Amino acid sequence: MQLPLQLHLSELKFRIGYVLLSYTLSLLVILKYNESIFLLETYAFICLNSKKFIATHITEVFFTSIYIASSLSWIINFPYAYYNCRFFLATSWYKSQVWIFSRLILPSFLVYFLSLLTCYFVALPSIFIFLDSWKITLNYALKIQLEARIETYTHWTLQTAFFMSSVLCILFSKLLHSYLLDNMITLHIYTRRFKKYLLVLFCLLTSFTMPPEGLLQIILIIILTLLVEVLFFITCIFFAKNNV
């Protein structure tokens, strides 16, 4: 006869194995259609009417494919991982806890996915068009020919899209959690008290996680500052509503 702890560990082992198996199968399928994945990945750069990339060594394309496939596989398998996590935790949680967990995770993932698509197909093409305009302004003095390196381009675009989407997802999750908890009263108090420190933290995170391009970091810091102000404004509305 197995102890309850052994039963839980056995179930946890099988569920983790199922998630890893699903992740591996998704990774193999994406690698099978790597040409289509590369076309999707380079969409933000195709808007410049440029379809040329360079690779400096023979394994660069292979490792770039692995990086893209692994990143997409995590996103694709998140619903399945959520399903296993929810049913594993439901055996020891109250129904109210499972309800809050479902209402918190699913909308947050939906916001993350939609913001990722918006960033990749709307924001990044606009950024590339703006950066490419600097080449035109220097053509009178210098002859500049831009060549995009596939590995650098892939890491930069995916990291930028994931970072911006993660920030929006975290803000939305905190907003939704505070709404479910106490109608945003506590969140308003903490936001009013620690807003300055939060802005400094965002500046530090942007400096450490984003590429060392001053203009891009300034733009992201301005965007994050506006998001914090919007968050504070929303909490003010609920705080005033609850204290009328």
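The values are calculated or read from the model by the stated rules, or taken from the named source; none is laboratory data. For clarity, every value in this text was computed on a predicted model and none was experimentally measured. Methodologically, a virtual Cβ is constructed for each residue, glycine included, from the backbone with ideal geometry; neighbour enumeration extends over all protein chains shown. Protein only, heavy atoms only, side chains kept; ligands, DNA and RNA dropped before computing areas. Shrake-Rupley method; radii C 1.70, N 1.55, O 1.52, S 1.80 Å.
Between I58 and I129, the distance separating the two model label sites (each 7 Å from Cα on the Cα→Cβ line) works out to 4.1 nm. Per residue, the stretch 2-182 exposes an accessible area of 65 Å² to a 1.4 Å probe, with every protein chain left in place.
Across the stretch 2-182, the volume of the C-alpha convex hull divided among the residues equals 138 Å³ per residue. Counting lysine pairs in the stretch 2-182 that sit 8 or more residues apart in sequence, or on different chains, and whose Cα atoms lie under 27 Å apart gives 9.
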